[in-house]
Amino acid sequence: MFDNLTARLKQSFKNIRGQGRLSEHNIKESLREVKKSLIEADVAYPVVKTIIEQVRQGAIGQKVTESLAPGQAFIKIVSDTLTSIMGKDLSELNLSTQAPAIIMVAGLQGSGKTTTVAKLAYWLKEQKNKSVLVTSTDIHRPAAILQLENMAESIGALFHTSNASQTPTYIVQTAIQAARNKGVDVVIIDTAGRLHIDTAMMDEVRTIYAVSNPIESLFVLDSMMGQDAVKAAQGFNEAIPLTGIILSKMDGDARGGAALSVKFTLGKPIKFIGSGEKVTALEPFYPDRIASRILGMGDVLSLVEEVQRHTDQKAIQKLNQKLQKGKKFDLEDFLNQLIQMDNMGGMEQLLGKLPDENSTALLASAKNTLNKKLTSQMQAIIRSMTKKERLFPDIIQGSRKRRIAGGSGTQIQDVNRLLKQFNQMQKMMKRFSKPGSMNKLLQRLQNHYPR
């Protein structure tokens, strides 16, 4: 996410990095480039003006002008300004009410709303240890009801059945009563996707709000729609009092305008961001961490938290002990690593949280080449190998490569690419096998930029 904006901002910082000190002249040139970058990223113009003015005011101060590293100081000012625009601090869900706490989720058609409901239910179960019941009032699209039912079953959440012959009011009332009877902590109501200009549908969402009296009313905003989605959110906020925003499809958003505009424009906090289809792909919105990602400085804190949440700690400990005994990292280990990466949303998303400039050569190579499609292919190739081949990769030559390629539905060059990637990973794991080396790497990445 933010790929284009990050690239443009980094380019705009190049000139100022080489200056001995900040001056009104070089600040002016950099600000012009920053402004152009923000406009191209589809950031709302009033937000752009505010950002530029706040950065200008901060950058021409005497304290910054005398900095020994003006380039770094300027980047920090931009980072602090972006953080402020997006809301400064984490805005947590408010569940402080008599159970069940009601969460109502609204959004435009195709915004990823139903998937987001399932993600939120999973997050509440796993991170907050809450029992969750979900229900759908989308009587206009029976497939949406079935979709939510299937997803609820897959994550272990309760599902309150509904169908097209029932009214949204009836569905909401019976779902809340069912949750009370079962002692459920949280009820999440998935509403039908609608356009904010559809009067009848907006009346329906007002009715659902009135009947359910939710403690949280969240709007799922498709980040790929940019300012159009923000304008739609404004229409919803006029119909019902929204308490927060969830940005969806962040993995496909190369611009970033919605993330930078929505808090300033609506005055409502962004509470979560979602990326990908996996139910694990939802994370709390930390403005400072997102600003860091936008500026290419990475997000090591989120990376560490992601690793801690979704990896098998016993398996990691076992692998570390194996490497510290001098044994080699083999393809069986590599397969397990790829599977765990998938559990965290994929290697591409995970490595996207590393700082661009400070990644090691091996990490940078992995970041550039290992995408979701490729990692799935790599898993298929390894699964086509014999146990001996996985343990002793050096024996994989000519005829073995042909057999493995045929068994996995790939080409010999794909097998060669896998082995090359494996060799890089093997070198990396050897480097990290020394006690404390991974912690030192993460600490170095985290401390590289002033915060």
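The values are calculated or read from the model by the stated rules, or taken from the named source; none is laboratory data. What you see is a predicted model, and the numbers here were worked out from it, not measured in a lab. Neighbour counts are summed over all protein chains in view; Cβ atoms, including those assigned to glycine, are modelled from backbone coordinates with ideal geometry.
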Item to check | Top-ranked residue of the stretch 205-242 - restricted to ones that are modelled with pLDDT of 90 or more, outside any helix (DSSP H, G or I) and of a type outside the set (A, V, I, L, M), ranked as nearest to the chain's Cα centre (by Cα) | outcome: 219
Checklist entry - strands (runs of 3 or more DSSP E) wholly in the stretch 72-160 with at least 2 residues that are over 18 Å from residue 217 (Cα atoms) - which ones? => result 158-160
Checklist entry - Is it fair to say residue 165 is at pLDDT below 85 and either in contact with a helix residue (DSSP H, G or I) (Cβ under 8 Å, 6 or more places away or on another chain) or of a type in the set (Gly, Ala, Ser) (or both)? => result no
Checklist entry - Got at least one residue in the stretch 361-369 being at pLDDT 90 or above, over 25 Å from residue 277 (Cα atoms) and not in a loop (DSSP other than H, G, I, E, B)? => result no
Checklist entry - In the stretch 175-204, how many are of a type in the set (D, E, K, R), assigned to a helix (DSSP H, G or I) and under 25 Å from residue 143 (Cβ atoms)? => result 2
Checklist entry - Could you list, in sequence order, the residues of the stretch 243-287 that are of a type in the set (A, V, I, L, M, F, W, C), farther than 10 Å from residue 223 by Cα and part of a loop (DSSP other than H, G, I, E, B)? => result 279, 281, 285
Checklist entry - Here are some conditions: (1) out of contact with any Asp or Glu (no Cβ under 6 Å at 6 or more places or on another chain); (2) surrounded by 18 or more Cβ atoms within 10 Å (Cβ to Cβ); (3) in contact (Cβ under 8 Å) with a residue 40 or more places away in the chain; (4) not acidic (Asp, Glu). Residue 169 meets all but one. Which one does it not meet? => result (2)
Checklist entry - Residue check, residue 213 against (1) surrounded by fewer than 21 Cβ atoms within 10 Å (Cβ to Cβ); (2) closer than 22 Å to residue 47 by Cα, all met but one. Which one? => result (2)
